[in-house]
Amino acid sequence: MDTQLDAELRANILVEALPYIQEYYGQTVVVKYGGNAMMVLLNLVGVKVVIVHGGGPEINEMLGKIGKESKFVNGLRYTDRETMDIVQMVLAGKVNKDLVKLLEQLGGRALGLCGLDNRMLMAEKKAAAEDLGFVGEITSVNTAVINDAVEKGYI
């Protein structure tokens, strides 16, 4: 009986989702990290999903482990060379790969990319009243690698 209810519930969910699936089929959707199972479902029904993740808590934890205190200026982390190296290690290494692993455990096909890959993200130093170190603003996005990945079915 539970199996029939589960199947019935799933069928009802898909019927309700069908208009959205039809509207977004084949489209690329950029999602700020969250709702992993939903992103796998979107991918499975033909929506091309690109996830942009952060990692502030993980960065803070690693900085704490090495005894480096974060400095914030108007809500932005001051980023010197040492902090930049740690941010890259945490985001491109740990957070990115943990997310890939989780998405694959949920049945998705995932590929972790970094803004440094193929000069995907280009930035200029952020103009601010107080120096922010290496904090910047994105000036261009090279979408070629992203498009290649989503066309091959990867989240």
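For the pair Cys114 and Val145 in one chain, pulling the backbone fully straight at 0.36 nm per residue adds 10.1 nm over the alpha carbon distance. Close amide H contacts of Gly133 (hydrogens built in the peptide plane, cut-off under 5 Å, sequence separation of 5 or more or a different chain): Thr79.
Rounded, prolate or oblate: which fits segment 85-136 when a ≥ b ≥ c are the square roots of the eigenvalues of the alpha-carbon gyration tensor, with rounded for a/c under 1.5 and prolate only if a/b beats b/c? Prolate, since a/c reaches 1.5 and a/b exceeds b/c. Each semi-axis of the equivalent ellipsoid for the chain is √(5λ) with λ an eigenvalue of the Cα gyration tensor; in descending order they amount to 36, 19, 14 Å.
Net charge near Val87, counting Lys/Arg +1 and Asp/Glu -1 over other residues with Cβ under 13 Å of its Cβ? Summing Lys/Arg as +1 and Asp/Glu as -1 gives -1.
Please state, to two decimals, what the Cα-based radius of gyration of segment 9-94 comes to when divided by 2.2 N^0.38 Å (N = residues).
1.57
Note on segment 3-90: with neighbouring protein chains present and a 1.4 Å probe, carbon and sulfur make up 58 percent of its accessible heavy-atom surface. Over all other residues within a Cβ to Cβ distance under 14 Å of Leu14, the charged ones net out to -2, with Lys and Arg as +1 and Asp and Glu as -1.
Sorting the segments 8-16, 129-137, 93-101 by their mean number of nearby beta carbons within 10 angstrom, highest to lowest, gives 93-101, 129-137, 8-16.
Between Ile13 and Lys101, the simple label model (points 7 Å from Cα in the Cβ direction) yields a spacing of 2.5 nm. FRET efficiency for the Phe134 to Asn74 pair, using the beta carbon distance and R₀ = 22 Å, is estimated at 0.85.
Express the relative contact order of the chain as a whole percentage, based on alpha carbon pairs under 8 Å and six or more residues apart in sequence.
Relative contact order for the chain comes out at 23 percent.
The values are calculated or read from the model by the stated rules, or taken from the named source; none is laboratory data. Bear in mind that the values here come from a model prediction, so they are computed numbers and not experimental data. Neighbour counts are summed over all protein chains in view; Cβ atoms, including those assigned to glycine, are modelled from backbone coordinates with ideal geometry. Heavy atoms of the whole protein, side chains included, go into the accessibility calculation; ligands, DNA and RNA do not. Shrake-Rupley method; radii C 1.70, N 1.55, O 1.52, S 1.80 Å.
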